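Read through the structure below, which is laid out as structure tokens, and then see the notes.
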Protein chains: 2
Amino acid sequence: MARPLHHPGTDDISLDGVLHALADPVRRSIVATLIEEGEKNCAETCDGLAPSTISHHHRILRESGLIRSEKRGVAVFNSVRQAEIETRFPGLLAAILRQHRTSEDAS
Amino acid sequence: MARPLHHPGTDDISLDGVLHALADPVRRSIVATLIEEGEKNCAETCDGLAPSTISHHHRILRESGLIRSEKRGVAVFNSVRQAEIETRFPGLLAAILRQHRTSEDAS
């Protein structure tokens, strides 16, 4: 049987981990897409990237506590732990994603 | 003559660089102290750390565009490029430092 995916508890979500995870444009895009479009499987959010790269970015997001990943059959579905992140760091995710969208619009 | 210290221009300050620089509690403390207490030399902001560690953290902050470092004689004085960061990423630095102070109070 496959090992269950590890997710940190809400209190173990660290500011270091969240900022490190979001210091990458691909990972910010994954989070922004999951918030805007709801739960998705890994492949859907990272069109055009190699499977190992997709998996790497999702692992960092999951280990930081930003996303929850759930295996269903052979697919893994991801969603942003938005309420928990908001409880832990009020306003932070919104502030970062606002800048991310602005930079994307400018590029 | 010593090489002048490199600082990125305002437009070259990247969200990736700023988030990476702030994904570390020592660097967040340096930035918070410089904002609260004004310009300081490296040693004053990092009491108890090894000189090479202090220098490493200030270099990352400088290269990300978060601080400006100015050599005067043998000392290097640092200040946060607060107005430039605010122009580039409105609200971001305040949102991150608010979380940093809250986590410090809790620990």
Under 15 Å, Cβ to Cβ, from B:N41 - net charge with Lys/Arg +1 and Asp/Glu -1: +1
Given Cβ point charges of +1 (Lys, Arg) and -1 (Asp, Glu) and nothing else, what value in debye, to the nearest 20, does the dipole of chain A about its Cα centre take? 260 debye
When Lys and Arg each count +1 and Asp and Glu each count -1, what net charge do the other residues less than 11 Å away from A:G9, Cβ to Cβ, add up to? -1
Over chain B, what per residue volume does the convex hull of the Cα atoms give, in whole Å³? 103 Å³
Top mean-square fluctuation among B:G48, B:G38, B:G65, Gaussian network model of chain B, C-alpha springs under 10 Å? B:G48
Globularity ratio of the protein assembly as shown, using Cα Rg and 2.2 N^0.38 Å: 1.12
Probe 1.4 Å, heavy atoms of protein chains only: per residue, the accessible area of the range B:1-52 in Å² is 56 Å²
Determine the sum of side-chain charges near A:Q82: Lys and Arg each +1, Asp and Glu each -1, restricted to other residues whose C-beta is under 12 angstrom from that of A:Q82. -1
May I ask you to find the residues of the range B:83-97 that are shielded by at least 20 Å² of accessible area once the whole protein assembly is considered instead of their isolated chain (probe 1.4 Å)? B:F89, B:P90, B:L92, B:A95, B:I96
Just B:T53, B:T45, B:T33 to compare: in a GNM of chain B, with alpha carbon springs under 10 Å, which one fluctuates most? B:T53
Whole-Hz ³J(HN,Hα) for each residue in the range A:70-85, computed from phi via Karplus 6.51 cos²θ - 1.76 cosθ + 1.60 with θ = phi - 60°, x for glycine and proline: what do you get? 10, 7, 9, x, 8, 9, 10, 9, 10, 9, 7, 7, 4, 5, 5, 5
Nearest to the axis that maps chain A onto chain B: list the chain A residue whose Cβ wins, with the distance in whole angstrom. A:A95, 2
Whole-Å semi-axes of the range A:9-64's equivalent ellipsoid (Cα gyration tensor): 19, 13, 10
Straight distance only, please: which lysines reach the Cα of A:K40 with their own Cα at less than 20 Å, same-chain residues fewer than 8 apart left out? A:K71
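The values are calculated or read from the model by the stated rules, or taken from the named source; none is laboratory data. These numbers come from a predicted model, not from an experiment. Heads up, the Cβs are rebuilt from the backbone with ideal geometry, glycines too, and the neighbour counts pull from every protein chain shown. To get the accessible areas, we keep the full protein, side chains included, count just its heavy atoms, and leave off ligands, DNA and RNA. Shrake-Rupley method; radii C 1.70, N 1.55, O 1.52, S 1.80 Å.
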